[in-house]
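Every read-out reported here was derived from the displayed coordinates using simple, explicitly stated rules and does not represent laboratory data. Not measured: the values here are computed from a predicted model. In this analysis, Cβ positions are derived from the backbone assuming ideal geometry, glycine residues included, and neighbour counts consider all displayed protein chains.
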Amino acid sequence: MTEGLLFVLAEPGEVPLAEFHEWYDADHAPARVAVPGVHAGQRFAAVDDGSPGWLAVYPLRLDALDSAEYASARVRSPYERTVVERLATLDRRIYRRLDAPGPPAPGPASLLLTVGMTSTDPGALEEWYLREHLPLLRAVPGWRRATRFRRLVGGGPDHLTVHELTDASVFDDAGYRRAVSTPWREEIMATVVAYERRLFAHHRTVTTAGP
């Protein structure tokens, strides 16, 4: 089965934060993790200066999104429609996983770094990631793992890499600074026409029982 990721960015807008969390944690997200083929759900809060400020990620089998159970989960109640109408952003994206993510680490990542790119030379981008960038990052203490995806549905750059981190100290490590400053990286960045880098802290693990 083809594995993928449901990636949803949200900004409460006119919805009070307490109501936003109650809706997400008690209704919206639990309905999705209850769908067969949806492996898990995690919510994250932005810790950078970017917007939207909230991210939900659901690793899944892509065929789960074609199921009757998922179609039922997407039917909005009258109340949910009022919430969605008041949100400033609800940015839903679907990705196909490109490679195995490696052995899972215990528990959710404390930090999630998401890096999206669209390159005029996707083959070169792929080669750089596999031959240089990911090997350098994996050697950095606190870099738990990285998983790469390609966008199928929704906006944003074509390629997404989700990095799981233990804490922000990884950005001060000499190994990280080397990974983001090599000559090869400079060549690749010259081909990038869309770039999206966000940093999120873990907020909640989604369960079918809600909060």
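Return yes when SER181 is at negative phi, touching a Gly at 6+ places or on another chain (Cβ under 7 Å) and exposed (fewer than 14 other Cβ atoms within 10 Å of the Cβ) and no when it is not. Considered against the rule, which asks whether it is at negative phi, touching a Gly at 6+ places or on another chain (Cβ under 7 Å) and exposed (fewer than 14 other Cβ atoms within 10 Å of the Cβ), SER181 comes out as no.
Results for (1) out of contact with any strand residue (DSSP E or B) (no Cβ under 7 Å at 6 or more places or on another chain); (2) exposed (fewer than 15 other Cβ atoms within 10 Å of the Cβ), shown as yes or no for each residue.
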site: TYR58; (1), (2): no, no
site: ASP63; (1), (2): yes, yes
site: ARG74; (1), (2): yes, yes
site: ARG81; (1), (2): yes, yes
site: ARG86; (1), (2): yes, yes
site: THR89; (1), (2): no, yes
site: ALA100; (1), (2): yes, yes
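Looking at the stretch 1-110, the helices (runs of 4 or more DSSP H) lying wholly inside it that each contain 1 or more residues that are without any contact (Cβ under 8 Å) to a residue 24 or more places away in the chain and either of a type in the set (A, V, I, L, M, F, W, C) or closer than 20 Å to THR208 by Cβ (or both) sit at 17-23, 68-73, 78-86.
Regarding the stretch 174-188, can at least one residue be identified that is touching a residue at least 12 places away in the same chain (Cβ under 8 Å) and under 30 Å from VAL38 (Cα atoms)? For the stretch 174-188, residues touching a residue at least 12 places away in the same chain (Cβ under 8 Å) and under 30 Å from VAL38 (Cα atoms): absent. Of the residues making up the stretch 162-201, those that are of a type in the set (Ser, Thr, Tyr) and part of a helix (DSSP H, G or I) number 2. Without any contact (Cβ under 8 Å) to a residue 60 or more places away in the chain and surrounded by 18 or more Cβ atoms within 10 Å (Cβ to Cβ): is that true of LEU134 in this structure? Yes, satisfied.
Every residue, every condition in (1) aliphatic (A, V, I, L, M); (2) within 30 Å of SER169 (Cβ to Cβ); (3) in contact with a Ser or Thr (Cβ under 7 Å, 6 or more places away or on another chain), yes or no:
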site: PHE44; (1), (2), (3): no, yes, no
site: SER51; (1), (2), (3): no, yes, no
site: ALA88; (1), (2), (3): yes, no, no
site: ARG93; (1), (2), (3): no, yes, no
site: SER110; (1), (2), (3): no, yes, yes
site: GLU127; (1), (2), (3): no, yes, no
